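Down below is the structure, laid out as structure tokens.
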Amino acid sequence: MNITAMKTVGQILQTARLSKKLDLDHISRITRIREQFLTAIETDNYGQLPSGAVARGFIKNYAEFLHLNLVQILAVFRRDFVENELGQIVPRGMVQPVSEVSLWTPRTTLIAVITLVFTLFAAYLIFQYRLLTGPPPLEITQPLTDQIVADSTVEVAGVTDPQATISVNGELVALEKGGRFFFRLPISRGENKITVTATSKSGKTRSLTRTINKP
């Protein structure tokens, strides 16, 4: 009988028994293995057996009774099933192989945390370096581009680095808390261009221009 086909131990034993026209009751009387256990083995339901050691012993006795190659039978059994930590026989795919080593350990976790901390610290230093050596941030909140103003003056407002200096159309403006600035600029009829320039301590500048119109 070819037992190398992809059959389980239970299927192999059942096929051999049926080919010999034997019933489970007869085999149970001779082998002294309860019929319910023989049924569990033939259906590969090893959870019905008391333990893994008992399961292997019953399989051995059953295979010897049917004159099957015991070495091959046990090899097929080991291929499909394994004993878990509780001594139960379960399908091999349900148990993590002993040789499989988890890469996520307390040591690797510590290394990952340290790496993350250094990465964030390095990013912070780079950010601060760019703030010191690059042009200061600048945002104009008033006026809006292409805004139409009916008054003779317009409010220029925005925010920049508190350490920077601000000029509006070349006129220095005092910064308030948080780097905010407010300035009332006289305007004339027609198109008016408003240029706001922020200058850092290192001399780097950033300029923004707004165009407004007075009817």
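The values are calculated or read from the model by the stated rules, or taken from the named source; none is laboratory data. Note that the structure is predicted; figures quoted are calculated from it, not measured. Glycine also receives a Cβ, built like all others from the backbone with ideal geometry; neighbour counts cover every protein chain displayed.
For region 176-194, enumerate the residues that are surrounded by 11 or more Cβ atoms within 10 Å (Cβ to Cβ) and closer than 22 Å to residue 150 by Cβ.
182, 183, 184, 185, 187, 191, 192, 194, listed by residue number.
Given the conditions (1) over 42 Å from the mean Cα position of the chain (by Cα); (2) outside any helix (DSSP H, G or I); (3) surrounded by fewer than 18 Cβ atoms within 10 Å (Cβ to Cβ), report the number of the one that residue 26 does not fulfil.
Single failed check for residue 26: (2).
Just the residues that are part of a strand (DSSP E or B) and either within 23 Å of residue 161 (Cβ to Cβ) or without any contact (Cβ under 8 Å) to a residue 12 or more places away in the chain (or both), please, taken from region 180-201.
Listed by number, the residues that qualify are 180, 181, 182, 183, 184, 185, 194, 195, 196, 197, 198, 199.
Inspect all residues belonging to region 120-141 and state whether any of them is exposed (fewer than 11 other Cβ atoms within 10 Å of the Cβ), outside the structural domain of residue 82 (by TED's automatic domain parsing) and in contact with a strand residue (DSSP E or B) (Cβ under 6 Å, 6 or more places away or on another chain).
no
Could you list, in sequence order, all residues of region 155-198 that are more than 25 Å from residue 135 (Cβ to Cβ) and aliphatic (A, V, I, L, M)?
Within region 155-198, just 187 meets the criteria.
When you scan region 38-63, how many residues do you find that are at pLDDT 85 or above and not in a helix (DSSP H, G or I)?
3
All but one of (1) modelled with pLDDT of 85 or more; (2) hydroxyl-bearing (Ser, Thr, Tyr); (3) loosely packed, with under 11 Cβ neighbours inside 10 Å hold for residue 153, so report the exception by its number.
Against the list (1) modelled with pLDDT of 85 or more; (2) hydroxyl-bearing (Ser, Thr, Tyr); (3) loosely packed, with under 11 Cβ neighbours inside 10 Å, residue 153 comes up short only on (3).
Of all residues in region 3-23 being at pLDDT 85 or above and in a loop (DSSP other than H, G, I, E, B), which is nearest to residue 68 (Cα to Cα)?
So the residue we want is 20.
I want to confirm something. Restricting to region 35-80 and keeping residues that are under 15 Å from residue 12 (Cβ atoms), free of Cβ contacts under 8 Å to residues at least 40 places away in the same chain and aromatic (Phe, Trp, Tyr), which single residue is surrounded by the most Cβ atoms within 10 Å (Cβ to Cβ)?
58
Failed condition for residue 158, given (1) over 26 Å from residue 213 (Cβ atoms); (2) of a type in the set (Gly, Ala, Ser); (3) in contact with an Asp or Glu (Cβ under 7 Å, 6 or more places away or on another chain), with all others met?
With respect to (1) over 26 Å from residue 213 (Cβ atoms); (2) of a type in the set (Gly, Ala, Ser); (3) in contact with an Asp or Glu (Cβ under 7 Å, 6 or more places away or on another chain), residue 158 is out only on (1).
Among the listed residues 25, 44, which satisfies the condition of being acidic (Asp, Glu), assigned by TED's automatic domain parsing to the domain that holds residue 89 and within 23 Å of residue 91 (Cα to Cα)?
44
For region 156-171, what are the residues that are in a strand (DSSP E or B) and surrounded by 12 or more Cβ atoms within 10 Å (Cβ to Cβ)?
Residues satisfying the conditions are 156, 157, 158, 159, 160, 165, 166, 167, 168.
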